[in-house]
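Read-outs throughout are calculated quantities, based only on the coordinates presented, and are distinct from any laboratory measurement. Keep in mind that this is a model prediction, so the values were computed, not measured. No Cβ is skipped: glycine too gets one built from the backbone with ideal geometry, and neighbour counts run over all protein chains shown.
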Amino acid sequence: MNASNASEQLTTNQAEHIKILLKEIESLVNDNNADEAQPILKTLNTDLKKWCESNNSPNAEQLQSIQITINSILAKANIAKNESSKAIIKYKKSGRAIKAYKAT
């Protein structure tokens, strides 16, 4: 294996590692367990930084793909957060209504 092939293999391995981390985060978000993603997010940040600072840094297309995936996960997390907030507010309002009814 020449140096060019070794470099491409290393970049491919790093890209696959980042994809795996993103899939783990996405799975947690989809399962409404986004709070559990914090350690994986830290690992993702550290590994992305190392990859970008390495001699085999990602190209623009790889970075754009990662950014699109992160934005998609973030959008899903925000939707879930908003739905949870609405459910909590509705629950509190119904609890107050029941208390008010019982008080009459």
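Things worth noting here:
- Three-way shape label, segment 64-104, alpha-carbon gyration tensor, a/c 1.5: prolate
- Ranked list, fewest to most other Cβ atoms within 10 Å of each Cβ, for 31, 47: 31, 47
- Structural descriptor for the chain: relative contact order 30 percent, calculated from alpha carbon pairs under 8 angstrom and at least 6 residues apart.
- Nearest-ten-degree value, helix 60-103 long axis tilted from longest Cα axis of the chain: 10
- Cα centroids of segment 15-30 and segment 37-104: 13 Å apart.
- Chain lengthening between residue 90 and residue 50 when straightened (0.36 nm per residue, less Cα-Cα): 9.9 nm
- Translational diffusion of segment 3-103, µm² s⁻¹ [Kirkwood Rh, Cα pairs; Stokes-Einstein; 37 °C; 0.692 mPa s]: 203
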